[in-house]
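Notes to accompany the following structure.
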Amino acid sequence: MADGRFVAYLRVSTDRQGKSGLGLEAQRQAVADFLNGGRWRLLAEVVEVESGKRDDRPELARALALCKAKKATLVVAKLDRLARDAHFLLGLQKAGVEFVATDMPSANRLTVGIMAMVAEEERRMIGARTKAALAAAKARGVKLGGDRGYVGRPEDLAKAREVRQQNADERARSLAPILSRIDPDGSLSLRAVASALEAEGVPTVTGAEGWTAAGVARLRKRLAAG
């Protein structure tokens, strides 16, 4: 493996993790095996907890922002598992970030663009078939709807919270050297530190847009607690 800097993007599902053999540890191992050899640095590991109810990918956006800020390559453990995720593929294609997939090392932006178009068309067709089926069922007098109050099993929610906490702690630790360089003796105001982080294009701990004095205070508090 050639010299380089990498950000790993791993994705797990709260209801399928551990059943498919593609959980966090398996993905970490795939990345480690792929990067074995040469001189490289894994700058960060970003984990997306997929709820199944949201189409956005906030952690992917944060991983891509990290790659841009640090001139790093995004490494994905299993591109074939994401081949039907149009949001992921389109985001990857449009980001302008170099990437590599451990299971499809020859994939490039053109490959991903084609996969994204296929995934989008497949989703459109599935949506059309579902809409037609629901209309037919309604015409037959079938009562539609179900339990919309379900929020997930307690163990799933606990796992999701744990992963989010781990992500936030890891992000805070990755920012500690930057914070020390910007404000080595802690004399700058929170607003001044926020402005410096913003000027350098450093992604926030939460992945939200823009640093604030409150965000810097939360970062310092998290680092002190860790």
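Each reported figure results from applying straightforward, stated rules to the coordinates on display, with no laboratory input. Worth saying up front: this structure is predicted, and the values here are computed from it rather than measured. Reconstructed Cβ throughout: ideal geometry from the backbone, glycine too, with neighbour counts over all protein chains shown.
Looking at segment 154-225, the pairs of alpha carbons with a distance over 15 Å make up 54% of the total. As a proxy for reagent exposure, Glu200, Glu155, Glu45 were ordered by neighbouring Cβ count within 10 angstrom, fewest first; the result is Glu155, Glu200, Glu45. Residue order for Ser106, Ser189, fewest other beta carbons within 10 angstrom first, comes to Ser106, Ser189.
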